[in-house]
Amino acid sequence: MTTSDGREDLLAGLTFPPGFVFGAATAAYQIEGAVHEDGRGPSIWDTFSHTPGRVERGDTGDVACDHYHRYRDDVALMGDLGLSAYRFSVAWPRVLPEGAGRVEQRGLDFYRRLVDELLGAGIDPWLTLYHWDLPQALQDRGGWTDRDTAARFADYAAVVVDALGDRVRHWSTLNEPMVSSLLGHMAGVHAPGVQDPVAASRAVHHLLLGHGLAAGRLREAGVGSLGITLNFTPMHPATDSPADRDAARRLDGQQNRMFLEPVVSGAYPADVVEDLAAAGAPLPVQDGDLQAIAAPLDWLGVNYYFEETVRAGERPADKPPTSFIGGEQVVELDPEGPTTTMGWGISPGAFTDLLLWLGEKAPGLPLVVTENGSAWDDEVDAEGAVRDPQRVDFLLRHLAAVGTAIERGAPVRGYFAWSLLDNFEWARGYGQRFGLVHVDYDTQRRTVKDSGRVYAEVLRRHRDRG
Ligand code: IFM
C-alpha cells in the first residue's frame, strides 16, 4: 500500500491501546435490499421512500447493496480489510413483519447466517436492534408517538436475543434516537415524515423508554455488553451575546443533552423540560419511566460527524424545516471552510472535545465511536481504483482526534468507520457515498477505495504492535 504524499506522518502518529476495537458500520435498510424476501413486512422507510418527493431522485432501499444475498462476499471483504468488528442492524420487520406477534423465522435465520459468517472470519458482531426501520403496521397504530410501541420494541428485543444471544456479545438498543424522533416527527425529512412538535416530543420519550425496557429484557437474557448509540453535534454560539448563547443552549439541549442525560443520569435536563413545555410539547413522562431509561450500560455509542455554530434569529425561509422544537427562532450558520458533499463542515478538534466532555458527563462509562465518516463524490477511475484523498484525510485526522482524546483520559474503547459500503443515505438517496468500499449500483461490484486501504493499514499496524 502506498502511504506517500504526507499520509505517513499521520499514520505513524496513530497509536491506540491494546484491545482497541476497529470496525466498520452499516444499517439494515441502507444495505440489505430484498425488501420483499423471506416474509419481511414493510417498514416506515419503504413507505417513505416510495412516496414521491421524499427521497432525492426517488431512490429507495429496494435493492440497495443487495447485501441480503451478498453478505458472504461482504464478510470476506471485511476480513480482507482486517476488521476486528462489524456493526450492523437487524430489521425489525424481517423478524416481526407486523411489528408484534408472529415471528418470521426466515428473517432470524438470515441474521444467524450473517453472524456465523462473521464469527467464522474472526470478526466480532456488534448488533443494533433499531436503526430507524419501524414496521409500518406499528406506524399505522401511532408509531413512536404511541407509548405502546416502546413495549413492542422490548418484545422484539427479547425475540432477537433469544435467537442470537448465544453468538452475539455486543448489543445496542437504538441508533440515534435524536434522528428518528426529531428528523422524523419535527422536520419531517425522515420517515415517517411528520411535522408536529407534540408528536416529536412523544417520539423522543417513547424511543428512550423503549431503550430502557429493551435493556431490561436483554439483561434478563444475560447480555453482558450493552449500549445505546447517540449522535452528538457540538453547538457553539456565534457570539457571546445572551441571545446567541441561549440559542446554542436550546439546540444543544435537544440535540445532545436530552438523549444523554436520561440515559446516563436518569433525568431530562431541566432547561429542556421547560423549553418543551413552553412550546406546548411536553415530554410525556410517567412514573418509573426515567428509572427504566437509566438502565445500567456497559458502553455508550458515540456517532460524530460535525459541529455547528448558531445564533438567535428567524430561521431563513429557504432552509429546510428545523429539526428542533422552537428551532424556528434559531439560525444554524453555514460551516466555514471545506465541506463534504453532505454540506457538513470538518472539525476533528471538536471530536476530541466531545469525547472528553462525554467522559466527564458519564464518568466510568466506556465510550465506543460507533460511527464517524464523510461523503465525497467517488468514482472508479480507468485503472479500476477509487482515489478518495479527502476521505483518507478525514479518516486519519479523526482517528488522530480519538487518539488525542484517549491520551487526555477519555475512555474510548473502539472506533467504527461509517460506512463499510456506499449505501442508501436516507433522504439523500444513493448520491451520497460514505463507504470505505465503493459500490457500483448497476453491477453491485465492490471496489475498495484508497481510504479502505489506508484504514486496513492502520489496523495492520495496530495488530503488529500487539
Ligand atoms: O447514514 C447515516 C447513518 O444511518 C446514521 N448516522 C449518520 C449516517 C450519515 O448520515
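We did not get these values from a lab; they are worked out from the coordinates using the rules stated. Treat the numbers as computed from the prediction; the structure is a model and nothing was measured. Every residue, glycine among them, receives a Cβ derived from its backbone with ideal geometry; neighbour counts consider all protein chains shown.
How large is log10 of I(q)/I(0) for the range 331-380 at q = 0.17, 0.26, 0.30, 0.32 Å⁻¹ when the intensity is taken from the Debye formula with one equal scatterer per alpha-carbon?
Values returned for q = 0.17, 0.26, 0.30, 0.32 Å⁻¹ are -0.71, -1.05, -1.16, -1.22.
Taking other Cβ within 10 Å of each residue's Cβ, how do 261, 314, 8 sort, fewest first?
Working: 261 21, 314 9, 8 12.
By the 10 Å Cβ count, ascending: 314, 8, 261.
Using alpha carbon coordinates only, what is the Rg to Rh ratio of the chain, with Rh defined as the Kirkwood radius?
Details: Rg = 20.8 Å, Rh = 22.3 Å.
Rounded to two decimals, Rg/Rh equals 0.94.
Can you grab the distance from the C-alpha centre of the range 181-196 to the C-alpha centre of the range 423-440, Å, no decimals?
Value for the Cα centre distance between the two parts: 21 Å.
Give the Rg (one decimal place) followed by the Dmax (whole number) of the range 141-279, computed from C-alpha coordinates and expressed in Å.
16.4, 55
Taking only DSSP H segments of four or more residues, each worth -39500 (n - 2.57), what value at 222 nm results for the chain once the sum is divided by all its residues, to the nearest 500 deg cm²/dmol? Mind showing how you got there, number by number?
Values: 16 runs with 178 residues, N = 466.
Rounded to the nearest 500, it is -11500 deg cm²/dmol.
Could you give the C-alpha radius of gyration of the range 295-404 expressed as a fraction of 2.2 N^0.38 Å, taking N as the number of residues it contains?
Numbers: Rg = 17.3 Å, N = 110, 2.2 N^0.38 = 13.1 Å.
Taking the Cα Rg and dividing by 2.2 N^0.38 Å, one obtains 1.32.
Got a sec to turn the phi values of the range 72-83 into Karplus ³J(HN,Hα) couplings, 6.51 cos²θ - 1.76 cosθ + 1.60 with θ = phi - 60°, whole Hz, x for Gly and Pro?
5, 4, 5, 5, 4, 4, 4, x, 4, 6, x, 5
Let me see the P(r) profile for the range 361-457: every Cα-Cα distance counted, bins of 5 Å, each bin given as a percent of all pairs.
3, 12, 22, 21, 15, 11, 9, 4, 2, 1, 0
Suppose a student asked you for the relative contact order of the range 77-160, using Cα pairs under 8 Å spaced at least 6 residues apart; what percent would you report?
Details: 93 pairs, mean separation 32.8, N = 84.
Worked out over the range 77-160, it gives 39 percent.
Can you tell me how much longer the chain between residue 62 and residue 195 gets when fully stretched, taken as 0.36 nm per residue apart minus their C-alpha distance, in nm with one decimal?
Details: separation 133, 0.36 × 133 = 47.88 nm, distance 2.55 nm.
Result: 45.3 nm gained on full extension.
Give me P(r) over the range 105-205, computed from all C-alpha to C-alpha distances, binned every 5 Å, as integer percentages.
3, 12, 21, 21, 14, 12, 10, 6, 2, 0
Using amide H atoms built 1.01 Å from N in the peptide plane, name the residues 5+ places from residue 414, or on other chains, whose amide H lies under 5 Å from its own.
Result for residue 414 returns 21, 369.
Order 330-343, 296-309 from most to least packed using the mean count of other Cβ atoms within 10 Å. Working shown, then result.
On the way: 330-343: 14.9, 296-309: 20.6.
Packing order, densest peptide first, comes out as 296-309, 330-343.
Rounded, prolate or oblate: which fits the range 110-153, taking a ≥ b ≥ c as square roots of the Cα gyration tensor eigenvalues, rounded meaning a/c under 1.5, else prolate when a/b beats b/c?
Numbers: a/c = 4.35, a/b = 3.22, b/c = 1.35.
Prolate, since a/c reaches 1.5 and a/b exceeds b/c.
Over the range 211-301, what is the relative contact order in whole percent, taking alpha-carbon pairs under 8 Å and six or more residues apart? Present the calculation step by step, with values, prior to reporting the outcome.
Numbers: 91 pairs, mean separation 35.6, N = 91.
Answer for the range 211-301 is 39 percent.
Have a look at the DSSP beta bridges in the chain and tell me what percent are antiparallel, nearest 5. Walk me through the intermediate numbers first.
Numbers: 10 of 48 bridges.
Of those bridges, close to 20 percent are antiparallel.
Let me check against my output: what whole-number percent is the relative contact order of the chain, with C-alpha pairs under 8 Å and at least 6 apart?
Relative contact order here is 17 percent.
Once the cut-off is 27 Å, how many percent of the Cα-Cα pairs in the range 1-121 end up in the long-distance tail? Don't jump to the answer; show the numbers that get you there.
Working: 2531 of 7260 pairs.
For the range 1-121, the share of Cα pairs beyond 27 Å comes to 35 percent.
Under 4 °C and 1.567 mPa s, how fast does the range 80-121 diffuse according to Stokes-Einstein, given a Kirkwood radius computed over C-alpha pairs? Answer in µm²/s, whole number.
Details: Rh = 11.6 Å.
For these conditions, the coefficient is 112 µm²/s.
Between the range 71-125 and the range 370-384, what is the separation of their alpha carbon centroids in Å?
The range 71-125 and the range 370-384 have Cα centres separated by 24 Å.
Taking a ≥ b ≥ c as the square roots of the Cα gyration tensor eigenvalues, with a/c under 1.5 meaning rounded and otherwise prolate when a/b beats b/c, else oblate, which class fits the range 52-124?
Details: a/c = 2.65, a/b = 1.28, b/c = 2.07.
Verdict is oblate for the range 52-124.
Determine, for 31, 123, the number of other Cβ atoms within 10 Å of each Cβ, and report the residues in order from fewest to most. Present the calculation step by step, with values, prior to reporting the outcome.
Values: 31 26, 123 21.
Sorted ascending by nearby Cβ count, the order is 123, 31.
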